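Working notes for the structure below.
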Amino acid sequence: MKVAVIGAGPAGITAAYVLAKNGISVDLYEASGRVGGMAKTIELWDQKVDIGPHRFFSNDNRVNELWLEVAGDDYEMVDRLTRIYYKGKFFYYPLKPFNALINLGPIRAISCGLSYLKEMISPTKLNGTFENWVTSRFGKQLFNIFFKTYSEKLWGISCQELDSDFAAQRIKKLSLFEAVKGAIIGNRGNKHKTLVDQFAYPTEGTGQIYDKMAKRIVEAGGRVHLNTPVQSVATENQVAKSLTLENGETLAFDHIISSMPLTLLVDRMTEAPEPVKKAAKSLTFRDTLLVYLNVDATDTFPDNWLYVHSPDLRMGRVTNFRNWVPTLYGKEKNTILVLEYWCYRNKDEFWKWSDKQLIELATKEIKATGLIGDANVTDGHIYRIPRCYPVYNIGYKERLEPLENYLRTVKKLSVIGRYGAFKYNNQDHSILMGLLAAEALVKGEVADLWKINTDYDTYQEASVITKTGLQKIE
């Protein structure tokens, strides 16, 4: 059996790795010059940095075993520190009650408490929107402080236009009671990802895992084709037969696993019905601009990353790579920060800003926060990511459904990953999709990969990664 895998992000390269390990002939096609997708690691100013912050954490034993199999001993446990920056104040996340009380002030804290109690007594009736879902769970005041501004920066739409699926998948288990309990007795062992105190991190950056996978694919006889974008997948009588590269070359395969953007895949399939193609065109992705700043200091702020909720700042998140593992920066005396900005490249002029304009904006904003004190920014670098996040706007499920239904009828084709399945995956979800897609082929089975979502809880066996290996969760 000859298998093609489109895209070398976490989902695609995991599928190729598992296939090659099991002796199946596999060709992996990646449009860029590096594997890892949005989880790749790049070299910048003699240091290593990721494409934004990438924290690996999973409770799924299958995912953890595979990650450790590839990582070996080349990882450290990183103590997580993340905070929310809001109107000049820093709120610990997870919540620390005294910190929150001091930052909010007694009047606003009481107002938040009363707003929360109101929802506990008489909950807001759910109507399918993100704003409605969060308000009913936390109260209007906490929604406005800790959810509204950041979410609207990220998605570029009102929280009343954002589907509650985003909340249900990302924060469905988070409650004020859980957060306060964690602040008092600690969060270690807590299964909710946003409350985990430690995470495993490769010594040479997140992309080290996928670089190792690529090397092992080749060693097992597979082929990794970099700088080789795929144009389309061809079907005959609802069976995937071949793919066409952007250079015009057409190649036949027995099975195709795709992690290319779902919208592009379907739109370019000649047999796809017009209503399905129309539905594909109605789905949108949010685009990301990353501005890396080289700061002439080694001790700026202690966080791995900060969420920027202040409405007067355009950035949404800032990551400090000096607070991950020392092997990223070695002997260098500067700190690399990355500031994240989001837009729609086909609508917003912001996407077309020059590198100089973006670096000037990021420098101005990071100084405005006081995070780097009087330190100078000596250089900047821009990294653009088109189609970064699938947008869960109201009605997206109804528009996605025709694509899912159609692709279920296409044999010899599997779609996986954040791009490929239009799911807001973390690394572990994408790795699981790639793993299950490959295992199904190895066993000659058909896997319903659409069921793997960002809120799945069906762990066959639960565990967490520690410095000494896997630790089972009872």
* Asked: Using Cα pairs under 8 angstrom and six or more residues apart, how large is the relative contact order of the range 267-415, in percent?
  -> 38
* Residues of the range 201-225 with amide N under 16 Å of the 7 Å Cα→Cβ point at Lys467 -> 201-203
* **the chain: calculated mean residue ellipticity at 222 nm from DSSP helix runs of at least 4, using -39500 (n - 2.57)** => -10000 deg cm²/dmol
* To do: Please work out how much length the chain gains when fully extended from Arg384 to Glu401, using 0.36 nm per residue of separation minus the C-alpha to C-alpha distance, in nm with one decimal.
  => 3.2 nm
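Roughly speaking, what is the stretch gain from Gln238 to Leu68, that is 0.36 nm per residue apart minus the C-alpha to C-alpha distance, in nm to one decimal? Kindly include the intermediate steps, with their values, before the conclusion.
Details: separation 170, 0.36 × 170 = 61.20 nm, distance 3.81 nm.
Extending this stretch completely gives an extra 57.4 nm.
Using R₀ = 25 Å, calculate the FRET efficiency as 1/(1 + (r/R₀)^6) where r is the Cβ-Cβ separation of Lys331 and Lys215; round to 0.05. Provide the component values of the computation, followed by the final result.
On the way: r = 26 Å, r/R0 = 1.06.
E(calc), rounded to 0.05, equals 0.40.
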* Asked: Evaluated at 25 °C with a viscosity of 0.890 mPa s, what Stokes-Einstein diffusion coefficient in µm²/s does the chain have when Rh comes from the Kirkwood expression over alpha-carbon pairs?
  -> 105
* Would you mind computing, in nm to one decimal, how far apart the modelled labels at Asp197 and Arg108 are, each placed 7 Å from Cα along Cα→Cβ? => 2.9
* Asked: Put a dot 7 Å past each Cα toward the Cβ at Asp448 and Ile121; how far apart are the dots in nm?
  -> 4.4
* Structure fact -> Given the candidates Trp353, Phe253, Phe91, the one whose Cα lies deepest towards the positive end of the charge dipole of the chain, counting +1 at each Lys or Arg C-beta and -1 at each Asp or Glu C-beta, is Phe91
* Calculated FRET efficiency for the pair Phe90/Asn227, C-beta based, R₀ 60 Å, to 0.05 -> 0.90
* To do: For the chain, find the longest principal axis of its Cα atoms and tell me its angle to the long axis of helix 396-408, 0 to 90°, nearest 10.
  => 20
* To do: Return the lysines within reach of Lys451: Cα separation strictly under 17 angstrom, same-chain partners fewer than 8 residues apart disregarded; answer none if there are no such residues.
  => Lys397, Lys423
* Asked: Taking 0.36 nm per residue of separation and subtracting the Cα-Cα distance, what length does fully extending Asp312 through Asn22 add?
  -> 99.1 nm
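The numbers here are math on the coordinates, done by the rules we state, and not lab data. This is a predicted model, so every value here is computed, not measured. Counting neighbours? That spans all protein chains shown, and the Cβs are built from the backbone with ideal geometry, glycine included.
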